[in-house]
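Chemist: To start, I am sharing the structure in question, which I have written as structure tokens.
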Amino acid sequence: MENFYKPQKVKITKIEELSPTVKLFRLAPGFSFIPGQFFLLGKIGYGEAPFGALSSPYEKDYIEFAIRAAGTVTTFLHMRKSGDEIELRGPLGNGFPLDFIKGKDMVLVTGGSGIPPIAALVEYVMKNREKFGNVYLLYGAKTPEEMLLKDRMARWEKSEIKIITVVGLVTDLIKDIKINEQDACAVMCGPGPMTDAVEKIIRPLGISDRRIFVSLERKMQCGVGKCQHCATGDKYVCLDGPVFYYDQIDKNYD
Amino acid sequence: MLVIKEEKINDFLEKLREKFEVLDITKDELPFKQYFLPANEQMFPVPKPPKKFVIFGLSEIDLEALIQLDEIMSKPKEDFYYWRRRKQTLVIGLEKDMKKLAKEYGEFLEEGNDTETKIFNWQQSMRQLLLDSELLADAVEWSHGHKIWDELAEKCLGCGICAYVCPLCYCFSLEDKVGLDDKCSRCRKWDACTLPNFSKIAGGHDFRPTIKERYYNWFYHKFVRAYREYGKSQCVGCERCKNQCPAKIDIQEVLKTILDDYGKFLQTPKS
């Protein structure tokens, strides 16, 4: 019988400071995953926490995560050095529906440290650029320092990914977006207030709820829909998500 | 079928004890789940596999709960720690009350003494309610916002005992430890969704900050989420939560109130 709670060892090959509170961790070996899927990172004795992968899903040699120091596991990770060994489980969850979004215009909306899964998706789009229409990335951060991955965004911009950034709320970003609303979809990942973005950006653009994909944040622990910590309504974020159609979860009481 | 007379049960158990470790659970306060999903168990380093053992004395209702728990722990993947214990176990059911069995199977019986009948009636009518788990799911989902949840939030102490004594509550937390010898371990222990911080994430946001939301979620899981996931309510009417609740909350009364009002709602003409 397979023990799916058993983590596997990975090595930190690079740590880079992205902001005063966020570090990028490059881990080896690489893993194949779908953008939007998450991994549980940590070490026995220190705990585990869920993170969305941010590197290109085509990258065979390593996988990257951007981690904000917020709790015990993330503080532990921030204290590691390059060369240290940590543990990981995954990939878990469903990821973004790549077949569905192919060929469409896309509006990606995120804020603060919600960028990782979106970054992995953009890397996927970069590799298959001709299969997508206009792609917009709207990214908001509280302060200029907290805007992550600026160097990568510069690279994405060269491949006609239109990037609109703002310090403050992404909801201020609507002008200048040109999409065919009949054949466009939206992807969101970010802190709770981001759902305002639906009201203020995505619906006004004419994208229907069924074509809005949201990546949710919860306290995933077991990763297989048993422990109940990540339940929302009748869904489990670790198993049925973390990516949902907006109309699957917008009426949930929690 | 093997029928053992009551006075011969001990001899039967003695015989079993010669070959296996036998746990007589007839006097347990906690449900049988503690033997397959212990209140606190070490996951890593992986402990030695458990020995073969016999669990004696599950009631008919508990056997039903065990079948449900087996299903829960098999999907989408078999839970390693549950099944390594479960597969080493022989479970023997015991129904002491032949009257109850007979009544359950529809035979006519004289009423017993009053207290006995009262207990029995509670279970009987609870199990009647549980027959229509689709209706329960609809009603409990509809009841969000019903005033009963405000009333229950006043009553409920949020102690989590209902989840601990429920044979079908299986939520848990993973907890890591470091010993004085620097050896690290990962354990899993029972949790309860009515306890604070159950759905709090790093950064401090709590998705169910009040007892009202958490208590509703307990019901929602048992009767709505469980129904959508497995096609039946995760309640067998064992009565443990009602008996152990320090605030004397009766799950059946709650359901009946909701069902009554849901019935009225359905009959009200919508303009």
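The values are calculated or read from the model by the stated rules, or taken from the named source; none is laboratory data. Keep in mind that what you see is a predicted model, and the values were worked out from it rather than measured. Note: ideal-geometry Cβ built from the backbone for every residue, glycine included; neighbour counts use all protein chains shown.
Chemist: Being within 14 Å of another protein chain (Cβ to nearest Cβ) and in a loop (DSSP other than H, G, I, E, B) is the filter here, so list the residues in the stretch B:143-176 that pass it.
Modeler: Those that are within 14 Å of another protein chain (Cβ to nearest Cβ) and in a loop (DSSP other than H, G, I, E, B): B:SER143, B:HIS144, B:GLY145, B:HIS146, B:GLY160, B:CYS166, B:LEU168, B:CYS169, B:TYR170, B:CYS171.
Chemist: A further question on this structure: Between B:GLY231, B:GLY203, B:GLY179, which is surrounded by fewer than 20 Cβ atoms within 10 Å (Cβ to Cβ), within 13 Å of chain A (Cβ to nearest Cβ) and under 17 Å from A:GLY233 (Cα atoms)?
Modeler: B:GLY231
Chemist: Sort out which residues of the stretch B:182-195 are in contact with an Asp or Glu (Cβ under 8 Å, 6 or more places away or on another chain) and either part of a loop (DSSP other than H, G, I, E, B) or surrounded by 20 or more Cβ atoms within 10 Å (Cβ to Cβ) (or both), and write them in order of number. Steps first, answer last, please.
Modeler: Residues of the stretch B:182-195 that are in contact with an Asp or Glu (Cβ under 8 Å, 6 or more places away or on another chain), as a first pass: B:184-189.
If the condition is that a residue be in contact with an Asp or Glu (Cβ under 8 Å, 6 or more places away or on another chain) and either part of a loop (DSSP other than H, G, I, E, B) or surrounded by 20 or more Cβ atoms within 10 Å (Cβ to Cβ) (or both), then B:ARG186, B:ARG188 are the ones that fit.
Chemist: In the stretch A:215-223, is there at least one residue being within 14 Å of chain B (Cβ to nearest Cβ), at positive phi and in a loop (DSSP other than H, G, I, E, B)?
Modeler: yes
Chemist: Additional query: Just to be sure before I move on: is A:PHE76 closer than 30 Å to B:SER74 by Cβ, surrounded by 14 or more Cβ atoms within 10 Å (Cβ to Cβ) and within 14 Å of another protein chain (Cβ to nearest Cβ) in the structure I sent?
Modeler: No; evaluated as a whole, the condition is false for this residue.
Chemist: Okay, next question. On the basis of being out of contact with any strand residue (DSSP E or B) (no Cβ under 7 Å at 6 or more places or on another chain) and free of Cβ contacts under 8 Å to residues at least 60 places away in the same chain, does B:ALA192 make the cut?
Modeler: So B:ALA192 fits the description; yes.
Chemist: Using the structure shown, decide if A:GLN8 is among the polar types (S, T, N, Q) and more than 14 Å from chain B (Cβ to nearest Cβ).
Modeler: no
Chemist: Name the helices (runs of 4 or more DSSP H) wholly within the stretch B:1-119 that hold at least 2 residues that are at pLDDT 85 or above?
Modeler: B:9-19, B:60-72, B:80-86
Chemist: In addition: Checking A:GLU48 against (1) surrounded by fewer than 19 Cβ atoms within 10 Å (Cβ to Cβ); (2) within 14 Å of chain B (Cβ to nearest Cβ); (3) more than 27 Å from A:THR143 (Cβ to Cβ); (4) not polar (S, T, N, Q), which test does it fail?
Modeler: Failed condition: (1).
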